[in-house]
Amino acid sequence: MSTALPIPNIELNDGTQIPQVGLGVFLVEPGETERVVAEALEVGYRHIDTAAIYGNEAEVGAAIAKSGIPREELFVTTKLWNDRQGDARAALEESLGKLGLDRVDLFLVHWPVPSQDTFVSAWEQVLDLREAGLTTAAGVSNHEVEHLERIIAATGEFPAVNQIELHPEHQRQELTAFCRGNGIAIEAWGPLAQGKSDLLTQPRLVEVAEAHGKSVAQVVLRWHIENGTIIFPKTSRRERMLENADLFDFALTETEHAFVTALEAGRNYGPNPREYGAN
């Protein structure tokens, strides 16, 4: 059995420990997923992030089952899709069946879909699933401040995490300040802007990377780490998996960190959570 990579944990507001770096399998084809997850576990990842809508939970489960890694050493996240917000328990039970698990470590309401206005009820159901032991931690994804305020007001419960599009060009400062001010951990999807920008060729970042003997991607991921963000950059390549987790033997100077922060452009590459899912 492989040895876990030296990735630190972050303590969530419910006391759950979550590895700060994991592997995301968004857009990993089902036919590739088992291999990718198996390789990630083999090189030492212990945090895997999937979702019902990704269509690859069964393959994630197969890789976990074959890994021989004790369940308590793994952190597995899945998510409640938009058309199941009225039926969260059945949806999670289906996901658990595919994953071959009796619980997940984190279950997220994937999108608020304000047009259907069921996200508060969905959050209440996810809390019930936590109480039932089907998930250890309860959280949300792609929720804006107004969505968070509604679910907190309705239940008095703060999500353990909010998983959002977050990268240097789209830093979500109002939202991240709200989350951090209320003890909600931030997970960044698309932490490298999904390869849709020129982020990794920015001349100043190239200079910073060269100064540390690292890649520009590692510099950007280190910036996330220093901000306290949980990240799971997606890759299907073993060498990139290792590179993406090799972030803890260097630190950015204050000036270097500021270089990355100065790339804010209000530029998102994913859907708008206030509109996504509208009929």
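None of the figures in this text is laboratory data; all of them are computed from the coordinates on show. These numbers come from a predicted model, not from an experiment. Glycine also receives a Cβ, built like all others from the backbone with ideal geometry; neighbour counts cover every protein chain displayed.
Can you grab the distance from the C-alpha centre of segment 12-59 to the C-alpha centre of segment 160-184, Å, no decimals? Centre-to-centre (Cα) distance: 21 Å.
For the pair Glu73 and Ser121, a Förster radius of 30 Å applied to the C-beta separation gives a FRET efficiency near 0.30, rounded to the nearest 0.05.
Summarising the label geometry, the points placed 7 Å from Cα in the beta-carbon direction at Ala265 and Asn9 lie 3.9 nm from one another.
From the Kirkwood radius over Cα pairs of segment 1-112, Stokes-Einstein at 10 °C and 1.306 mPa s returns a whole-number translational diffusion coefficient of 112 µm²/s.
Give me the net charge for the shell around Thr16: Cβ to Cβ below 11 angstrom, other residues only, Lys and Arg +1, Asp and Glu -1. Residues close to Thr16 contribute a combined charge of -2. For segment 145-243, the relative contact order works out to 24 percent when only alpha carbon pairs closer than 8 Å and six or more residues apart are counted. Counting charges near Leu127 (Lys, Arg +1; Asp, Glu -1) among other residues having Cβ under 12 Å from its Cβ returns a value of -3. Stretching Asp198 away from Phe250 to a fully extended chain increases their span by 16.4 nm, per 0.36 nm per residue minus the current alpha-carbon distance. With an a/c value under 1.5 for the gyration tensor axes a ≥ b ≥ c computed over the alpha-carbon atoms, segment 182-268 is described as rounded. Summing charges over all other residues whose Cβ lies under 12 Å from the Cβ of Glu169, with Lys and Arg as +1 and Asp and Glu as -1, gives 0. Take every pair of alpha-carbon atoms less than 8 Å apart whose residues are at least six positions apart; their mean separation over the length of segment 42-92 yields a relative contact order of 46 percent. For the chain, the relative contact order comes to 19 percent (Cα pairs under 8 Å, sequence separation of at least 6).
Highest mean first, the peptides 169-178, 213-222 sorted by other C-beta atoms within 10 Å per residue fall in the order 213-222, 169-178. Given R0 = 30 Å, the distance between the Cβ atoms of Asp87 and Ala177 translates into a calculated FRET efficiency of 0.30. Hey, if you put +1 on the Cβ of every Lys and Arg and -1 on every Asp and Glu Cβ in the chain, which of Ser121, Gln20, Gly213 ends up farthest toward the positive end of that dipole? Most positive-ward Cα: Gly213. Ranking Thr176, Ile225, Ala245 by Cα position along the charge dipole of the chain, where only Lys, Arg, Asp and Glu carry charges on their C-beta atoms, puts Ala245 farthest toward the positive end. Taking Cα centre as origin and charging only the Cβ of basic (Lys, Arg, +1) and acidic (Asp, Glu, -1) residues, the dipole magnitude of segment 209-270 rounds to 400 debye.
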